[in-house]
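Heads up: the structure comes next, in structure tokens.
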Amino acid sequence: MTRVSREFGNTMQKEAASAVSADVIFASSRFPNYKIGANNQVVDAKEDPKVLTMKEVVARETALLLEQQKRLSVRDLASKFEKGLAVAAKLSEEARLREAASLEKHVLLKKLRDALESLKGRVAGRNKDDVEEAIAMVEALAIQLTQREGQLLQEKTEVKKLANFLKQASEDAKKLVDEERAHARAEIESARAAVQRVEEALQEQEQISRASGKQDLEELMKEVQEARRIKMLHQPSKVMDMEHELHALRIQLAEKSKHSLLLQKELARSKRMEKNISHIYELDGAETLGSYLRIKPCSDIAPELSECSIQWYRISSETSKKELISGASKSVYAPEPFDVGRILQVEIIYDGQLIVLTTAGAIDPAAGLGNYVEALVRKHDVEFNVVVSQMNGADHPSESIHVLHVGKMRMKLCKGKTTIVKEYYSSSMQLCGVRGGGNAAAQALFWQAKKGFSVVLAFESERERNAAIMLARRFAFDCNIMLAGPDGGSSIGTK
């Protein structure tokens, strides 16, 4: 029996390989390394542990993608998906090449088995046993190759699924990137428009502030100039000079007024003498608010005024309307604020004979009284020191100081902390100057707080008395109350 040596087997294997390799393309230049394991199973030789399988590579890449998905931006995520898609395509190409290589292996194993079958009929003995062992090895290898092909098909299916998933994810990522880019562009345009609006508003505000700044500067300059003027006017030396000048002017005005009054009286006396009219009485005193008028006899044959009937009237200088002044039946009368701008007339009746005396002109206002009252109007409550000379028509013996409060809603008379009377402005309240009372009439007023209670109050000066009357009437008028004396401005007739 011819013994087939190991070299002969190798030679036959090379010849068979060269015989069947003419129409086959191999993926590699060497035959794969196989080993016979337990139960005659063919197992692969252990490869380099650093080389990972395709399934492990895919799993690792997928895990890395899922892990980084939360912290990647949309652009980076799209880039990663594109890289994964490229890797999947590469893996698919490798699977295709492995499939082709597997097909080549099947063809090679089939040809090898056919060659061994043909060789089996030619040899005998131990060589035949070796050939049969080789045929069994080839069949086991074919089975192992079939199993490996099944695994490759499964991996190929998984790779296709992963490639489709990565492709869809890449498309979604691109779509999301496009949407985010469009949204970002819209936001940028909106931000630009908002910035432009803000810039326009700032420019407009700057223009307005410049214009208002110029206006404020002009107003400030005017205020500074006015303040300088007021400061110059209020310098002590200039104020003293102005006060002295005003005082001198007032003295000159009073002297001229008296001189004019004397001239008017002399003129009236001369006219009466021309008409042969007896002149036994005349009015004496300044015809201004704050003074008093007195009936003065100017003839020896003039009867006593106590034996005569006297009545004072006020006449409008415009309409000549004659108004009786209730209670003014004395020889002395002190004009009050109602008399300013009107002519005063007094009728004297004695033994059936009527004598009429009239002021030369209308009663003039007191100098500076209007400004003084305007300053007091700004206060909520104004206090005046007074002395009660009469209460309910009877003389009041006490000469202690009282305080008269003139407020915007009411009047109040107090003595220390004790309130004597306190009343709101009403139609039953009366207030006027005292009609009679001698030389002190210009400093006294009559006040009926309510029905059954009236007082006569004496002030420190004529100015205080007239200011209290004007102020109370001003506040009462604001409350729709006309505050007057007992006559109430009743009309008697015409002149």
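Which is farthest toward the positive dipole end of segment 279-358 among Cys298, Tyr350, Ala286, measuring Cα position about the Cα centre, with Cβ charges +1 (Lys, Arg) and -1 (Asp, Glu)? It is Ala286, whose Cα lies furthest towards the positive end. Evaluated over segment 369-479, the count of Lys pairs having alpha-carbon atoms less than 15 Å apart is 6 (only pairs 8 or more residues apart or interchain). Within the same chain, aspartates and glutamates fewer than 8 places from Lys258 are excluded, and of the rest, those with a Cα less than 17 Å from its Cα are Glu266, Glu282, Asp284, Glu287, Asp364. Using a 1.4 Å probe on the protein heavy atoms, what percent of the accessible area of segment 279-358 belongs to carbon and sulfur? Within segment 279-358, the accessible surface is 44 percent carbon and sulfur. Net length available on complete extension from Ser209 to Glu266 is 13.4 nm, with 0.36 nm assigned per residue and the Cα-Cα distance removed.
Computed with a 1.4 Å probe over protein heavy atoms only, the accessible surface of segment 408-463 comes to 49 Å² per residue. Annotation: aspartates and glutamates with alpha-carbon distance below 16 angstrom to Lys167 (same-chain offsets under eight excluded): Glu61, Asp76, Glu82, Glu93, Glu158.
Normalised per residue, the accessible area of segment 279-358 is 46 Å², obtained with a 1.4 Å probe and no contribution from ligands, DNA or RNA. Computed over segment 369-479, relative contact order equals 27 percent, with contacts defined as Cα pairs under 8 Å that lie 6+ residues apart. Heavy-atom accessible area, probed at 1.4 angstrom with all protein chains present, ranks Asp381, Asp129 as Asp129, Asp381, highest first.
Could you work out how much longer the chain between Glu133 and Asn371 gets when fully extended? Use 0.36 nm per residue separation minus the Cα distance between them, nm to one decimal.
Fully extending the segment from Glu133 to Asn371 adds 71.4 nm.
The values are calculated or read from the model by the stated rules, or taken from the named source; none is laboratory data. None of these values were measured; they are calculated from a predicted model. With ideal geometry, Cβ positions are generated from the backbone for all residues, glycine too; neighbour counts draw on all protein chains shown. Note: accessible area is taken over every heavy atom of the protein model, side chains too, but ligands, DNA and RNA are not part of it. Shrake-Rupley method; radii C 1.70, N 1.55, O 1.52, S 1.80 Å.
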